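J.: Mind looking over this structure? Questions follow.
The values are calculated or read from the model by the stated rules, or taken from the named source; none is laboratory data. The model shown is predicted, which means the values in this text are computed figures rather than measured ones. Reconstructed Cβ throughout: ideal geometry from the backbone, glycine too, with neighbour counts over all protein chains shown. Accessible surface is based on the protein model in full, side chains and every heavy atom, while ligands, DNA and RNA are left aside. Shrake-Rupley method; radii C 1.70, N 1.55, O 1.52, S 1.80 Å.
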Amino acid sequence: MPAIPHDPDPPTPVSLPNLLARSAARFANRPAVDFFGRKLTYAGLGRQVERAALGLQKLGVRRGTRVGLCLPNTPYFIIAYFAVLKAGGIVVNFNPLYVEREIAQQIRDSGTTIMVTLDVKKVYSKIAAMLEVTDLERIVVCSMRASLPFAKGVLFALFKSAELAEIPKDARHVRFSDLVAARATFEPVDLDPTSDVAVLQYTGGTTGVPKGAMLTHANLSMNVAQIACHVPILTPGRERALLILPLFHVFGMTAGMNFCISIGAEIILLPTFDVHQVLSVVTKKRPTLLPGVPSLFAALTARVGDGKYDLSSINYCISGGAPLPLDVRLRFESLSGCKLVEGYGLTEASPVVSANPLDAEYKNTSVGFPLIGTSVEIRSLDDPKKILPLGEKGEICLRGPQIMAGYWRNAKETESVFVDGALRTGDVGYVDEGGYLYLVDRIKDLILCGGFNVYPRVIEEALHQHPAVAEAAVIGVPDAYRGQVPKAFVTLRPGAEATPEALLRFLRDYVSRMEMPKSVEIRQSLPKTAIGKISRKELAAAPQGGAQAH
Ligand code: AMP
């Protein structure tokens, strides 16, 4: 499998605190973070991280201590993330919108003893409850007001409430401002990038039960180096990235935060997604980079054409996490004048595996070439020991420096996700003669329809050919006769009209009889995950309604 040899010196693994230290030295006076106009330089970020790391050491953080971050996109996230790592700890990322049951489950599984969170009532109250029901010992509380005096609107948009919590004055609570006020000498921790785990990143993986992917410092630092080799057009110390992707998600963490830090880019942080706000920020702050998921680009495309906004500063956008519809890519590129490149990744691979090239042909339905140092094997769905020849469809299996060390305290799942040392992705795909990788679908999303494998993505792509369709998702629903049948859910473009019956008629020219959905349901919106992927799980939980196919 060819990898693109962009860089004659292969990247070497470093610890993440070293990644930051290098940029803090090289780009000291450059802005590292811009949060609603409040800026922090690289040197300032380095100092804050060192102080917070010292504070964490004083709280007892040692090599391997698990420290949770339950924070939306704020500068606190970046400072706390690097501080935990510098103190030798392991970051456990928590989604602040999780319910208490999910948070408790993740705290117990990871053995998190300290949690860094916000003083916003809706988030803090969930974490405070954990002091009673889990082994969580301490909460470090960051003040939203201190980071953003005019934060009410942002908080409201995020949590549907701007109410701040009363923080008890006891030994179990530490204010972030006190954490960074500690005065003593920081004791450097000698991290081994290849064996020290940096992050436990929880994922449903292929079986649905949340597991902590152990991502080492080497996994994460090599993934950013691999991305840099793939995108040789960027200038270190000159770029400015708009990060709306949540940093607690692996895509935002690596392709957003860590990558920006490695190249000394300025990070413009937004904690919420609001189309007008994003377009206004782009127009005003002129970022050069915008990583996102397809739904972000689709939403921007729908609004950008009215002439009020200027996206001309953006040079490079990478989309990942879910299929990028071709029409969204082409429309976004023509409206913004920038490159929108589709990539592929998964939590267990830190996450970036492949991306379309900038210096070779862009193949429309492909997720591009594997990053440097990554090898792809396509293995038989019936016998994973068997590697298939080029062009044949099978399970995508991976080797490379970004592949996780395993699942945290879960030898059974770890064993089943590797075959002959290669990571099984649970994705079906193939590689063409030119070395381009194509995704067909996820094994678990396959619809077993009367003995045939139906790939929902084929039907979704067909629906995207219809001019009225904005978003499409297809799931399998139970059927007495065929076991399972496809059912489609769509949203329409603003102002467009179509009926379910018309969409079903349209599909007849694009998909086989076996792939014809039993029904199409038109909704105002489709449920999304924290990062903005369409949530099939939620659709499957309530799949009623829609016109029937005849
Ligand atoms: P997660 O680990 O939650 O980030 O999910 C990773 C999964 O998202 C992969 O295993 C793929 O099934 C899917 N995925 C990622 N990138 C793409 C893409 N470009 N097109 C289609 N599916 C994707």
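J.: Quick one: if you stick a label point 7 Å off each Cα along the C-beta vector at residue 453 and residue 333, how many nm between them?
T.: Distance between label points: 3.0 nm.
J.: If you don't mind, there's one more thing I want to ask. Let me know the whole percent of all Cα-Cα pairs from the chain that are separated by more than 35 Å.
T.: That fraction is 36 percent.
J.: A further question follows. Largest first and in whole Å, give the semi-axes of segment 42-191's equivalent ellipsoid, each being the square root of 5 times a Cα gyration tensor eigenvalue.
T.: Three semi-axes, in Å: 23, 19, 13.
J.: Here is a further query. Given q = 0.24 Å⁻¹, what are the Debye log10 I(q)/I(0) values for segment 446-548, with equal point scatterers placed on the Cα positions and solvent ignored?
T.: With no solvent term, the Cα-only Debye profile gives -1.41.
J.: Here's something else I'd like to know. Only bridges whose two residues both fall in the chain count here: according to DSSP, what percent of them are antiparallel, nearest 5?
T.: That works out to approximately 60 percent antiparallel.
J.: Same structure, new question: So if each residue of separation counts as 0.36 nm, and I subtract the Cα-Cα distance between residue 101 and residue 192, what length gain in nm does that give?
T.: Computed gain between residue 101 and residue 192 is 29.3 nm.
J.: Further question: With a 1.4 Å probe and all protein chains in place, put 98, 316, 362 in order of accessible area, largest first.
T.: 98, 362, 316
J.: Moving on to the next point. Under 4 °C and 1.567 mPa s, how fast does segment 213-443 diffuse according to Stokes-Einstein, given a Kirkwood radius computed over C-alpha pairs? Answer in µm²/s, whole number.
T.: 71
J.: Helix 100-110: angle to the longest alpha-carbon principal axis of the chain, degrees 0 to 90, nearest 10?
T.: Tilt of helix 100-110: around 70 degrees.
J.: Among 170-178, 31-39, 182-190, what's the highest-first ranking by average C-beta atoms within 10 angstrom per residue?
T.: My ranking of the peptides, most packed first, is 31-39, 170-178, 182-190.
J.: Provide the percentage of antiparallel DSSP beta bridges, counting only those with both residues in segment 42-191; round to the nearest 5.
T.: Counting only bridges with both partners in segment 42-191, antiparallel ones make up about 5 percent.
J.: Right, here's the next one. Given bins 10 angstrom wide, list per bin the percent of all Cα-Cα distances in segment 353-416, short to long.
T.: With 10 Å bins starting at 0, P(r) equals 19, 38, 34, 9, 1.
J.: Moving to a separate point now. With r defined as the distance between the Cβ atoms of residue 365 and residue 181 and R0 fixed at 56 Å, what FRET efficiency is calculated, to the nearest 0.05?
T.: Given R0 = 56 Å and the Cβ-Cβ separation, E is 0.55.
J.: What FRET efficiency do you get for residue 147 and residue 380 if R0 is 45 Å and r is their Cβ-Cβ distance, rounded to the nearest 0.05?
T.: The computed FRET efficiency comes out at 0.30.
J.: While we're on this one: Measure off, as a whole percent, the carbon and sulfur share of the 1.4 Å-probe accessible area of segment 82-137, all protein chains present.
T.: The nonpolar share, carbon plus sulfur, comes to 48 percent.
J.: Classify segment 193-298 as rounded, prolate or oblate from the Cα gyration tensor: take a ≥ b ≥ c as the square roots of its eigenvalues, call it rounded if a/c is under 1.5, otherwise prolate when a/b beats b/c and oblate if not.
T.: oblate
J.: Here is a further query. For residue 280 and residue 39, what does the FRET efficiency come to when R0 = 25 Å and r is the distance between their Cβ atoms, rounded to the nearest 0.05?
T.: For residue 280 and residue 39, the calculated efficiency is 0.85.
J.: If you stretched the chain out fully between residue 493 and residue 25, how much longer would it get, using 0.36 nm times the residue separation minus the C-alpha to C-alpha distance?
T.: Residue separation times 0.36 nm, minus the Cα-Cα distance, leaves 163.7 nm.
J.: Also: Under a crude label model (7 Å from the Cα following the beta-carbon direction), how far is residue 310 from residue 415 in nanometres?
T.: About 6.2 nm separates the two model spin labels.
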